[in-house]
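Enquirer: Below are the structure tokens for one structure; questions will follow.
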Amino acid sequence: MKLASLKYGRDGRLVVVDRSLRRCVPVPHIAHTLQGALDDWHNAAPRLTEVYDLLNLDKAEDAIAFEVANCAAPLPRAYQWADASAYVTHVELVRKARGAEMPQSFWTDPLIYQGGSDSFAGPTEPILAADEAWGIDFEGEIAVITDDVPMAILPSEAGRHIALLLLVNDVSLRNLIPGELAKGFGFFQSKPATSFSPVAVTPDECGEAWHGGKLHLPLTVTLNGKKFGAPDAGVDMTFNFPQLIAHAAKTRFLGAGTIIGSGTVSNRDTERGSACLAERRMLEIMAAGAAKTAYLRFGDCVRIEMFDTAGASIFGSIDQTVVRYQRD
């Protein structure tokens, strides 16, 4: 099943989207918003699946064209957004870039921070920043949305609470990070609005690529129309999603609609390319002593997408342009 939120008010209007991402159906008789569906996921999911099946058979009433430009993030705002660094190879490289050693515990204990979730960017909305000197970077990731998760859940039980999968552009302001983390209290100013793919899908939509709590497909990133990287999201993921959920729920309940991110997708095989600029820059420093790839500038365009083995887009694309922010 594929779901999206059309722009409407603060929380969007829930629609069921067909497998080809061409048509959709509003479902106010089931839930007005995705959050509303997640709050009653046990009952809502089967009803939404019935609509999805009819839509794919071209039998759904009131179907309309699906336009990505009309989409907000699947959850335009969420009760909780927690982003991990499950690809520890990436963490190691990025920490080297800012002269920070990586503790050995990062290989055995997941690293997660709690991000801002009050206002996410839609898949075609701009990356807003007031200054290029902040070091604007994209980060291609996978994320899951959960239903209600009990506290102290085990990894072996956590997978059943994954309701949906989606793609992420977790924008980072790299030049603000070192000074902010030096205070010992975590990210805040260095993490502006996160954006998500237009469509969130149930794990079964990914077929055999979804196994072991990981999505085993390349994440394709292009910058200004040129391929930047396509690292495989299932390779070198040190902690799978059930492990990340269990880690986040160790001391608290996770409410329905919690989003857990994987962190930047990264492979040891550097031939696959990178899913963020910071990693590419660090590899250049290691190879030649200096970075030649610049951080994003105003007008740059970033596209993040994932295709199934037949070449069809699973989630639709995140397609954003960097725009200078100016207060009215």
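The values are calculated or read from the model by the stated rules, or taken from the named source; none is laboratory data. None of these values were measured; they are calculated from a predicted model. Virtual Cβ from ideal backbone geometry, glycine too; neighbours counted across all protein chains shown. Only protein heavy atoms, including side chains, enter the accessible area calculation; ligands, DNA and RNA are left aside. Shrake-Rupley method; radii C 1.70, N 1.55, O 1.52, S 1.80 Å.
Enquirer: Say we look at region 250-276 and pick out the residues that are of a type outside the set (Ser, Thr, Tyr) and in contact with a Ser or Thr (Cβ under 6 Å, 6 or more places away or on another chain); which of these is modelled with the lowest pLDDT?
Expert: Going residue by residue through region 250-276, those that are of a type outside the set (Ser, Thr, Tyr) are 250, 252-257, 259-261, 263, 265, 267-269, 271-273, 275-276.
Filter again for in contact with a Ser or Thr (Cβ under 6 Å, 6 or more places away or on another chain), leaving 254, 263, 268, 275-276.
Details: Leu254: 98, Gly263: 96, Arg268: 91, Ala275: 97, Cys276: 97.
This residue is Arg268.
Enquirer: From the list Gly212, Gly207, which one is open to solvent by 30 Å² or more (accessible area, probe 1.4 Å), out of contact with any Leu (no Cβ under 7 Å at 6 or more places or on another chain) and within 25 Å of Ala37 (Cα to Cα)?
Expert: Details: Gly212 fails: within 25 Å of Ala37 (Cα to Cα).
Matching residue, one of Gly212, Gly207: Gly207.
Enquirer: Please work out which residue is nearest to Ala4 (Cα to Cα), limiting yourself to region 298-323 and to residues that are open to solvent by 50 Å² or more (accessible area, probe 1.4 Å), in a loop (DSSP other than H, G, I, E, B) and in contact (Cβ under 8 Å) with a residue 40 or more places away in the chain.
Expert: Asp308
Enquirer: Sticking with this one: Would you mind listing the strands (runs of 3 or more DSSP E) fully within region 1-117 where at least 2 residues are more than 22 Å from Glu180 (Cα to Cα)? Step through it out loud before you land on a result.
Expert: Working: elements: 2-6, 13-17, 23-26, 81-84, 112-115.
Counting at least 2 such residues, we get 2-6, 13-17, 23-26.
Enquirer: Also, I was wondering about something else. I'd like the residue in region 138-195 that is within 19 Å of the chain's Cα centre (by Cα) and among the acidic types (Asp, Glu) and, out of all such residues, is most open to solvent (accessible area, probe 1.4 Å).
Expert: Per the stated criteria, the residue is Asp147.
Enquirer: What are the residues in region 7-33 that are surrounded by 23 or more Cβ atoms within 10 Å (Cβ to Cβ) and not aliphatic (A, V, I, L, M), if any?
Expert: Across region 7-33, the qualifying residues are Gly12, Cys24.
Enquirer: Take Ala4 and tell me if it is under 23 Å from the mean Cα position of the chain (by Cα), surrounded by 18 or more Cβ atoms within 10 Å (Cβ to Cβ) and either modelled with pLDDT of 95 or more or at positive phi (or both).
Expert: The answer is yes for Ala4.
Enquirer: Kindly check whether there is at least one residue in region 10-24 that is out of contact with any Asp or Glu (no Cβ under 8 Å at 6 or more places or on another chain), among the hydroxyl-bearing types (Ser, Thr, Tyr) and at pLDDT 95 or above.
Expert: Let us first name the residues in region 10-24 that are out of contact with any Asp or Glu (no Cβ under 8 Å at 6 or more places or on another chain), namely 10-18, 20-23.
Retained after the next criterion (residues that are among the hydroxyl-bearing types (Ser, Thr, Tyr)): 20.
Imposing the further condition that a residue be at pLDDT 95 or above reduces the set to 20.
Yes, there is a match, as at least one residue in region 10-24 is out of contact with any Asp or Glu (no Cβ under 8 Å at 6 or more places or on another chain), among the hydroxyl-bearing types (Ser, Thr, Tyr) and at pLDDT 95 or above.
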